[in-house]
């Protein structure tokens, strides 16, 4: 039997389990409590934020049993015939529940003809029918549909929120995560709770022992190593152009994903400047970065080679890297622009 994914194992089962979406959960819970159930809801937000999970919880909260809950993938059931079959089924009474709930995922994939066929039912459904439409691309959902729904937008987790989630789940699985390890997982998740747990699962699969360091996460995920980032920052802090270029080249030849490497460099540069210029933030940064990383960044902050101009140069590189035929080229240009001597 295949091992259940962490995302499925820790899928929220009640409104109180849902992380970071109070702006959605609270009004839904209040509506359930007051018995003011709408006929159409539209959940919007990027992937992995819990839209479908919240839809299922909502269905359960209003008394919808499994036999009266219908989940439809609109990406593969997007024709006018599919929608006509759905709307015909809407008018049959529920089996044993006060409501029939239809969850339509990736609803922006419906064809124009399918939307037209759906509008009448969406506007005037039977009193027992509730529609929950979910989409990752709200702008592609017609205004005529949005106006007939209660629209809820799901937020991406903060880095701190995602890091807290993976630390909590790791603890439940019997593991301890170093602070900088959970921070790296949160960064790799790119604003998705689901991806955060997928990255954690990969890290746990390769773990030796019950404590995970940042290095262990790097090895399990193939993320750029901390030493590679430190090598570049050390050269920048010392004003060593040649060493900086060598550090970029070493990261590239070492197989690092240069976009992620650049993101890590930007994080480290930002932390360097905050440590130097915002002493009130030192305690929170020390907690966020972990002891070893904070100590390294603090040493870079003591030297004057890294300035706001350094951060700006690499920020420009982040805009250029998506179009660069050679991924390391924007970073090399940043170094050359910082040290334009012969």
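What the table below lists for this structure:
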{"item": "Ranking of 15, 118 by count of other Cβ atoms within 10 Å, fewest first", "result": "15, 118"}
{"item": "Projected label distance in nm at residue 278 and residue 337, using a 7 Å step from Cα toward the beta-carbon", "result": "2.3 nm"}
{"item": "Relative contact order for the range 58-185, counting Cα pairs under 8 Å that sit 6 or more residues apart, in percent", "result": "23 percent"}
{"item": "Cα-based shape type of the range 206-333, given that a ≥ b ≥ c are square roots of the gyration tensor eigenvalues and the cut on a/c is 1.5", "result": "oblate"}
{"item": "Using alpha-carbon coordinates, inclination of helix 159-172 to the longest axis of the chain, degrees", "result": "80 degrees"}
{"item": "The range 13-87: relative contact order in percent, alpha carbon pairs under 8 Å with at least 6 residues between", "result": "30 percent"}
{"item": "Cα-based shape type of the range 153-215, given that a ≥ b ≥ c are square roots of the gyration tensor eigenvalues and the cut on a/c is 1.5", "result": "prolate"}
{"item": "Gain upon complete extension [residue 95, residue 46; 0.36 nm per residue less C-alpha separation]", "result": "14.3 nm"}
{"item": "Relative compactness, the chain, computed as alpha-carbon Rg over 2.2 N^0.38 Å", "result": "1.22"}
{"item": "Fewest-first sequence of 329, 200, 262 by Cβ atoms within 10 Å of each Cβ", "result": "329, 262, 200"}
{"item": "Overall form of the range 166-257 per C-alpha gyration tensor (a/c, 1.5; a/b vs b/c)", "result": "prolate"}
{"item": "Whole-Å semi-axes of the ellipsoid equivalent to the range 6-153 (Cα gyration tensor, √5λ, descending)", "result": "22, 18, 14"}
{"item": "Mean residue ellipticity (222 nm) of the chain, computed from DSSP H runs ≥ 4 via -39,500 (n - 2.57), nearest 500", "result": "-17000 deg cm²/dmol"}
{"item": "Relative contact order (percent, whole number), the chain, Cα cutoff 8 Å, 6+ residue spacing", "result": "15 percent"}
{"item": "Cα-Cα separations in the range 92-196 greater than 15 Å, expressed as whole percent", "result": "71 percent"}
{"item": "Cα centroid separation, the range 295-342 to the range 1-71 (Å)", "result": "44 Å"}
{"item": "On Cα atoms only, tilt of 291-302 relative to the major axis of the chain in degrees", "result": "50 degrees"}
{"item": "Pairwise FRET efficiency - residue 147 versus residue 81, Cβ, R0 = 30 Å, nearest 0.05", "result": "0.70"}
{"item": "Residue 33-residue 303 pseudo-label distance in nm [points 7 Å out on the Cα-to-Cβ vector]", "result": "5.7 nm"}
{"item": "Acute angle (nearest 10 degrees) that the helix 193-205 long axis makes with the longest principal axis of the chain, alpha-carbon atoms", "result": "60 degrees"}
{"item": "Exposure proxy order (Cβ contacts within 10 Å, fewest to most) of 260, 236, 312", "result": "312, 260, 236"}
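Throughout, read-outs are computed from the coordinates displayed, never taken from laboratory work. Remember, it's a predicted structure, so these values are computed and weren't measured experimentally. Backbone-built Cβ (ideal geometry, glycine too); neighbour counts: all protein chains shown.
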